[in-house]
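For reference, the structure is listed below as structure tokens.
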Number of protein chains: 2
Amino acid sequence: MPDLLTSEELEAKLREVGAERYHHRHPFQIRLQSGQCSRGEVEAWALNRYLYQACIPRKDAAILSRMDDVALRREWRQRIVDHDGDHDGDGGIARWLKLTDDLGLDREAVMSGRLALPATKFAVTAYLTFVREQSLLAAVASSLTELFSPSVIQVRTAGMLAHYDYVTPATLAYFTRRPIQAKRDSDCALAFVKAHARTPEQQQDVVAALEFKCAMLWSMLDALEHAYVYAKPAPGAFEPADLGERLAAA
Amino acid sequence: MPDLLTSEELEAKLREVGAERYHHRHPFQIRLQSGQCSRGEVEAWALNRYLYQACIPRKDAAILSRMDDVALRREWRQRIVDHDGDHDGDGGIARWLKLTDDLGLDREAVMSGRLALPATKFAVTAYLTFVREQSLLAAVASSLTELFSPSVIQVRTAGMLAHYDYVTPATLAYFTRRPIQAKRDSDCALAFVKAHARTPEQQQDVVAALEFKCAMLWSMLDALEHAYVYAKPAPGAFEPADLGERLAAA
């Protein structure tokens, strides 16, 4: 068992996990933001990631349901509002559907998840199971990937606008608000984790929770890369219109 | 909604799902049984699949816990005995550890799961979640991949013995008993499913459950193929000793 870290050392350790394991280093992420993705790959990315976006309010509600502290619950519930919005067409999930709409994907097909890769669904299920079954401390810590998201969003948005002529600022409206929300949310979660991880075991759980979450995001990009770049989609999954053409050219 | 099928038509539909989606068609499975896998790939397969093997008694206990019928519970509990055995060193999980032992893998590392791919863990979690949260009928139907396992076991065992000089019949002891157990188990599960899927909706749930299970097994091989054939392991996952060498030669 490692030594007890100061809260500054714990934060440094968490930032180290992000530097090594967050999906800004994933080859598919780099492919996406540098303009190397085919239209079909961008579609597959948006279609699959929808399932992750759609699970966020349920994930946050599961965490909220485990919190005893009223003040903390008041802060945490804003995450649900941000993603579900106040009316039809409002909120992060609706803004993600603007992206899939603009890519020409059928909204019913996207929302049903029936064309998504099984591995995407399993990753999302694992995330929901994690926040329900692990400690509240670990569940909160698993949200700390938001420490690293603002810089990735900036690079990806700029890259997608520069390289894909079918992507406009309106298409990527989801990402406009995320950096400010992510900063506010990760400040809250980081303060909670630093205050409540008071033993080496708890600190280790916190680090493992962030590693789990990084692995979950990483595995979704692995599945996309496997299905649409290296190999082929699992039986029943989305086949982009240009897939046959692209495979023939390879 | 489709029409109500006769029980023979339902069985035919389930066998069609297996023909199209069971992992006997997966490129990594074919690679493994035809002698194309490196030693490291065989190790990674055994190491990752251990987590699936190890979850089986918990999966079956979750299903058992939902059964009202004493006679059915008496049949189903045999699955737990088969995998957990009667004493240390006995049972399917112990026989799987004989395989990982013979491959030279550290038993503690295998059992801890810490070198397994995150996608393997997520698939296993999704399977456990499925049998807990879906209907009992769907949970039972998800076991029906055993309808297809005996033929795959035969081809894989013969292929591995023919092609890998470090694999002996004793190494593959796990597979010796499985065909008879799988036949008995799938007879029981198929009879249950045919008797209880009495509406088109229930029949559709049964088919979807088998598709889910096929996708779960398929995704574990996708993850292996991605990590050890096409790309590279997720951060923190098992790196076979010969991986660097093999990548350099590619």
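Numbers for the structure displayed
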read-out: Tally, over the range B:113-147, of residues that are hydroxyl-bearing (Ser, Thr, Tyr) and farther than 29 Å from B:His196 by Cβ; value: 1
read-out: Failed criterion for A:Trp76 (all others in (1) touching a Gly at 6+ places or on another chain (Cβ under 9 Å); (2) buried (at least 21 other Cβ atoms within 10 Å of the Cβ) hold); value: (1)
read-out: Pair list, Cβ < 9 Å and 6+ apart or interchain, from the range B:79-104 residues that are under 14 Å from B:Ala61 (Cβ atoms) to residues that are at pLDDT below 95 and polar (S, T, N, Q); value: B:Arg79/B:Gln181; B:Asp82/B:Gln181
read-out: Breaking point among (1) in contact with a Phe, Trp or Tyr (Cβ under 6 Å, 6 or more places away or on another chain); (2) closer than 24 Å to A:Pro179 by Cβ, for A:Leu115; value: (2)
read-out: Index of the failed condition, A:Lys232 passing every other in (1) at pLDDT below 95; (2) within 16 Å of the chain's Cα centre (by Cα); (3) within 10 Å of another protein chain (Cβ to nearest Cβ); value: (2)
read-out: Any hit, the range A:131-143, residues being under 15 Å from the mean Cα position of the chain (by Cα), crowded, with 21+ Cβ neighbours inside 10 Å, within 16 Å of A:Leu47 (Cβ to Cβ) and away from every other protein chain (no Cβ under 14 Å); value: no
read-out: Residues of the range A:115-130 that turn out to be over 14 Å from B:Glu211 (Cα atoms) and surrounded by 21 or more Cβ atoms within 10 Å (Cβ to Cβ), as a count; value: 6
read-out: Any hit, the range A:22-31, residues being without any contact (Cβ under 8 Å) to a residue 12 or more places away in the chain and closer than 16 Å to A:Ser151 by Cα; value: yes
read-out: Residue in the range A:187-218 that is surrounded by the fewest Cβ atoms within 10 Å (Cβ to Cβ), counting only those that are of a type in the set (Lys, Arg) and away from chain B (no Cβ under 14 Å); value: A:Arg198
read-out: Condition met for A:Ser112 (farther than 19 Å from B:Ala123 by Cα, of a type outside the set (Asp, Glu), loosely packed, with under 15 Cβ neighbours inside 10 Å and at pLDDT 95 or above); value: yes
read-out: Members of the range B:36-61 found to be among the small types (Gly, Ala, Ser), more than 20 Å from B:Glu239 (Cα to Cα) and modelled with pLDDT of 95 or more, listed by number; value: B:Ala54
read-out: Flag if A:Val193 is out of contact with any Phe, Trp or Tyr (no Cβ under 8 Å at 6 or more places or on another chain), closer than 23 Å to A:Leu14 by Cβ, among the β-branched types (Val, Ile, Thr) and modelled with pLDDT of 95 or more; value: yes
read-out: Tally of residues being part of a loop (DSSP other than H, G, I, E, B) and of a type in the set (D, E, K, R) across the range A:91-140; value: 2
read-out: Matching residues, the range B:1-17, being under 17 Å from B:Val152 (Cβ atoms) and surrounded by 18 or more Cβ atoms within 10 Å (Cβ to Cβ); value: B:Leu14, B:Val17
read-out: Given (1) free of Cβ contacts under 8 Å to residues at least 60 places away in the same chain; (2) surrounded by 24 or more Cβ atoms within 10 Å (Cβ to Cβ), number of the condition B:Leu161 does not satisfy; value: (2)
read-out: Any hit, the range A:89-105, residues being of a type in the set (A, V, I, L, M), within 24 Å of A:Val206 (Cβ to Cβ) and surrounded by fewer than 21 Cβ atoms within 10 Å (Cβ to Cβ); value: no
read-out: Residue within the range A:163-186 that is more than 21 Å from the chain's Cα centre (by Cα), more than 14 Å from chain B (Cβ to nearest Cβ) and in a helix (DSSP H, G or I) present; value: yes
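The values are calculated or read from the model by the stated rules, or taken from the named source; none is laboratory data. Bear in mind the structure is a predicted one, so any value in this text is a computation, not a measurement. In this analysis, Cβ positions are derived from the backbone assuming ideal geometry, glycine residues included, and neighbour counts consider all displayed protein chains.
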